[in-house]
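Notes for the one structure printed next.
The values are calculated or read from the model by the stated rules, or taken from the named source; none is laboratory data. Here the structure is a predicted model, which is why all the values come from computation and not from measurement. Ideal geometry is used to build each Cβ from the backbone, glycine not excepted, and the neighbour counts take in all protein chains shown.
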Amino acid sequence: MNEDGGAPVLRAQGLRKQFGSSDTLVRAVDDVSLAVAEGETLAVMGPSGCGKSTLLHLLGGLDRPSGGELYLAGQRIDQLSERGLARLRRRAVGFVFQAFHLMDELTAVENVELPALLAGAAPRAARRRAAGLLEQVGLADRAGFLPSALSGGQRQRVAVARALANDPLVILADEPAGNLDSEATLDVLRLFDTLHTAGQTLVVVTHDSRIAATADRLITMRDGAFVDETRLTGGSGGSLGALAGLEG
Amino acid sequence: MGRTLLIGRLTARDLRRRPTQAALLLLAITAATAVLTLGLVLHGVTNHPYQQTRGATRGPDVVAQFSGPVTPGPFGPGSPPPGQVKYSPQAIAANARRVRIVASELIHAAGVTGHSGLYPVASAVAQAGRRLAAVVAEGRDQTAAAVDQPKLASGHWVSAGGIVLERTYADALRVRLGDRITLNGRPFRVVGTAVTAASVPMPNMCYSSCDYGLPFGPRGISPRHLGLAWITRAGAQALATPSDPLGYVLNLKLSDPARAQAFVNRYGHQFAQNPATSAAPSLTTWQDIRNVDGLLIRDETAVLSPGAWVASLLAIGTLAVLAGGRMSERIRRVGLLKAVGATPGLVTLALMAENLILALAAASAGLAIGRLAAPLITSPGAGLVGAPGAPSLTLPIAGLVVGVALAVAMAATLWPAIRAARTSTVSALAAPVRRPRRRAGLIRLSRHVPVPLLFGLRLVARRPRRALLSAACIAITMTGVVAVLAFHATADEKLYGGGTGITDPVMARDTQMLLVLTVVLLALSGINAVFTAWATVLDARQAAAVARALGASPEQVTAGVVAAQVLSAIPGVLAGIPLGIALFSVANSGSITTVPPAWWLVLTAFGTLLAVAALTAIPASIGARQPVAGILQSETA
Amino acid sequence: MQQEVVLAMLAKEPSHGYELRARLGEALGPLGDAMNAGQIYVTLTRLEKAGLVSVEHAAGLPDRPDRKVYALTPAGQQRVADWLAEVSWPRPDLAEFHLKLVAAAAARLADPLSIVDAQRRELLRRLRDAQRAALAEPARSDAALLLEGIVLRLQADLRWLEACERNWTTRKGRP
């Protein structure tokens, strides 16, 4: 389903991933097709074990599909070698993980500049950009802090800044608020909202309906397949006042 | 009882789960203990065979050597080199008379209970095939002597035209029974080989028997190529020439053998006081001969003990690498044990039980191997009676070896075990991974270098202690290898004796032993390097996975891990060079050490680094191709 | 509009009707905009009839609602005190939806699952609206807190709907 006026940034056709042999076959992702338009926020919801994380890993090249086709910015990527996938991750995809996966021995700004350094940017340019990104996520004053000195929400924000380091086409977030309390979740929500307003394409996998509610489009997954798709933009029918008990 | 059972079960399960690791560990400690056993056993062997020989041959307590009419000592002050002065028959006869008088004095001296001799001694150049050597040929009777009757190792005793060679000498000349050998051009047939306690066998014979005016120097024959032989009296007399007259030897038995040195002092003093008696003999005690003879074995222990040290250190290093690698698992086990009520002592024991058991098993294996290998080193070529068949594996030796094996196991695992046992139960159960260290300087530096080096530097900075351990192990390996190189550089000359084709038995055996040692060393280092590489790759797995998720290619990551290993190996390689040369100098105890040529060292250094790189690259590249998702999820589990 | 709420708003000081409206609006944020202006006056009249609120007319002005000043009577104050001490919680409305599903299944009027899905979609949209509204308010303001409460409630309801979905899916499998 494309938005009007634009090729999809990310497109999957009949994507499949299975584990195990013939009698213990597990279809983690079962014939999934989707398209993400530019600037869209897409949420994939489902109970644990439904395959949504696996799907995300496939979309970002962290794992190889067992079948199907995958296109990023029009280029076919499911057949790429490991080196090709690495290049892809360097330039076009940014990841945000549930466990943050920050380097414990690096400060916030050193963590954020890492993708740029890996892509071959000059150290000073990378440092400048990293500082700028940290400011964007509201952590300019914590640039020199180690992850152990940051709260969960702050760590995830650093991770988001890191994902933005190489100006990716799409950001893939896997249960971004999975390890966070409600306050920290709010911080991340705010950040995602900001990114969305700035036009960043975002695919989020979550079982938390609050995170899912930030999306433009919500896909529900069960047992490796899509079972539902909802467009969330366009407002609800009811009034908030009723929800609060102000009527009647 | 229950506790022992628990520990037993845990250990058995551990060993079953990781059989390869346990097997390799066993190998490492066994190699170390085998070398150690060999060294210790040989050390204790020094005395025995000589005593046996002395008993079997009715060895003398004092040996008196008389030269022909020249001052004792081949190149005494003012005396002409041998073979260049012709002596008149009168001078020779006068000398012979004086010798008989002095001999008679000695025979009737206080404390002398028996004698054999005077035997005429001819010095000559021996030629067997193309091989040239110097020989001291004693003229003997057919009948057995009362003192010093050499014991036959093969063949039969002297006969007309026949020559009996001292056993080491025969081996060195590579002659067998029935071969022909010429002395000063006169042909003789080899009829037997024998051993004696009255002289030090080749190659150290010159320590006790260089006073006959021997044909060294101009002929280019090394003093180490001097050997002993026995022929008939007639044969000896036939060999004498006006320029190379006969010398004489007299063997004495004392009432009190222990005080042989006192006897020598008394008579040496007396002869020195009377310079008119130019027939002054040179007196040697049986203890002197025994000590010099022991040099042979001592040379070998000199090679073996540093070798044993190096092997033991490497074994410790390997164990330490392994111990460090399973820290988190160990800490978790501590937490579990404590939570069910185990005391800290029991906990420590449970942690170390596996390694201790392996160490014990390895020690027994090493003892057995060392004991079996010892005769291979002591019997051939040693001019002593029989095979010291049972180089005694005494209880103290066994105890020491087992002790060392246990110490090796404990040294490597005690520190982590104590630390693990001291952590509080809660934190142990939470099992945090050891926090990587932060080295701001290195991190800053790494930003300016290409990606693989960036990765490598940061990996080293994360775990400085592991890098240090790697460097230490490489240093130990290099030390051993460089010591061997230094030996070769020093020994080339000694060994090949100027092209005479005669093998110097000690050098030959040393080289053999060194070859074995080098192979053991390289095998141990290989195991160690594999373990270290493995541990490094495992440790870097998560960081590598994250880096790859951020866009690093598998090649960059592999190169980074290899770079980390090579970076930590470089100081080890550099340190090993001077240490190796120093080790060899110590082992060589004072003799001149030749520093190996620079290109050998450079080649070895590069070879080592290349080996480290290759051994790391294989597990690293395998790991770098696995899908990132799997690694990241398993690490957070 | 609950009567006790209006009473409590008067507890601080006697106010005009428009002052009351302003205070409520501030506390409710965007939700206050949907509030019917007339509702307050209806409630105030009821309270006056019940004797909990007293009314004063501003002197010399025509009888227009704006000009009245409302204050609490002693009975009204007591009522407020009792209300503050009460711990009853606003009633959830789950029984109605649950019965809706049961009825639809029993009478084969509709597929319960599609009912659940439709309701879920609607709630998600509402959640999105509430969340956006919450984010638009300054953090820690009263309005933000209220919106946060709405969001969390919706989240809880959505979880229940997911449970309904699971439950009704397995029921389909059974005869």
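Computed quantities for the displayed model
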{"read-out": "Total residues in region A:113-139, condition more than 13 Å from chain B (Cβ to nearest Cβ), outside any helix (DSSP H, G or I) and among the aliphatic types (A, V, I, L, M)", "value": "2"}
{"read-out": "Of all residues making up region B:544-554, the number that are out of contact with any Ser or Thr (no Cβ under 8 Å at 6 or more places or on another chain), facing chain A (nearest Cβ under 7 Å) and in a helix (DSSP H, G or I)", "value": "4"}
{"read-out": "The lone exception for B:PHE531 - which of (1) touching a residue at least 60 places away in the same chain (Cβ under 8 Å); (2) not in a helix (DSSP H, G or I) it fails", "value": "(2)"}
{"read-out": "In region A:220-240, residue modelled with the lowest pLDDT [restricted to those that are more than 26 Å from A:GLY14 (Cα to Cα), within 7 Å of another protein chain (Cβ to nearest Cβ) and out of contact with any Lys or Arg (no Cβ under 7 Å at 6 or more places or on another chain)]", "value": "A:GLY237"}
{"read-out": "Scope region A:76-112; condition within 8 Å of chain B (Cβ to nearest Cβ), touching a helix residue (DSSP H, G or I) at 6+ places or on another chain (Cβ under 9 Å) and charged (D, E, K, R); matching residues", "value": "A:GLU82, A:ARG83, A:ARG89, A:ARG90, A:ASP104, A:GLU105, A:GLU110"}
{"read-out": "Residues (more than 10 Å from chain B (Cβ to nearest Cβ) and of a type in the set (Gly, Ala, Ser)) located in region A:157-183", "value": "A:ALA159, A:ALA161, A:ALA173, A:ALA177, A:GLY178, A:SER182"}
{"read-out": "Filter result for A:LEU202 (more than 18 Å from C:LEU158 (Cα to Cα), touching a Phe, Trp or Tyr at 6+ places or on another chain (Cβ under 7 Å) and either surrounded by fewer than 18 Cβ atoms within 10 Å (Cβ to Cβ) or touching a residue at least 60 places away in the same chain (Cβ under 8 Å) (or both))", "value": "yes"}
{"read-out": "Selection from region C:137-147 of residues that are in a helix (DSSP H, G or I) and buried (at least 17 other Cβ atoms within 10 Å of the Cβ)", "value": "C:ALA143, C:ALA144, C:LEU146, C:LEU147"}
{"read-out": "Residue in region B:71-86 that is surrounded by fewer than 22 Cβ atoms within 10 Å (Cβ to Cβ) and modelled with pLDDT of 75 or more present", "value": "yes"}
{"read-out": "Verdict on A:ARG217 being of a type in the set (Lys, Arg), within 14 Å of chain C (Cβ to nearest Cβ) and in contact with a strand residue (DSSP E or B) (Cβ under 7 Å, 6 or more places away or on another chain)", "value": "yes"}
{"read-out": "Any hit, region B:614-621, residues being facing chain A (nearest Cβ under 9 Å) and buried (at least 23 other Cβ atoms within 10 Å of the Cβ)", "value": "no"}
{"read-out": "Qualifying residue in region A:55-68 (condition: in contact with an Asp or Glu (Cβ under 7 Å, 6 or more places away or on another chain), more than 7 Å from chain B (Cβ to nearest Cβ), within 28 Å of A:LEU139 (Cβ to Cβ) and modelled with pLDDT of 90 or more)", "value": "yes"}
{"read-out": "Residues of region B:229-265 satisfying the condition of being of a type in the set (D, E, K, R) and at pLDDT 85 or above", "value": "B:ARG233, B:LYS253, B:ASP256, B:ARG259"}
{"read-out": "Test: residue in region B:282-290 that is at pLDDT 70 or above and touching a Phe, Trp or Tyr at 6+ places or on another chain (Cβ under 7 Å)", "value": "yes"}
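Yes or no, residue by residue, for (1) at pLDDT 80 or above; (2) not in a helix (DSSP H, G or I):
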residue: B:ALA342; (1), (2): no, yes
residue: B:VAL347; (1), (2): no, no
residue: B:GLU354; (1), (2): no, no
residue: B:ALA359; (1), (2): yes, no
residue: B:GLY366; (1), (2): yes, no
residue: B:ALA374; (1), (2): no, no
residue: B:ILE377; (1), (2): no, no
residue: B:GLY383; (1), (2): no, yes
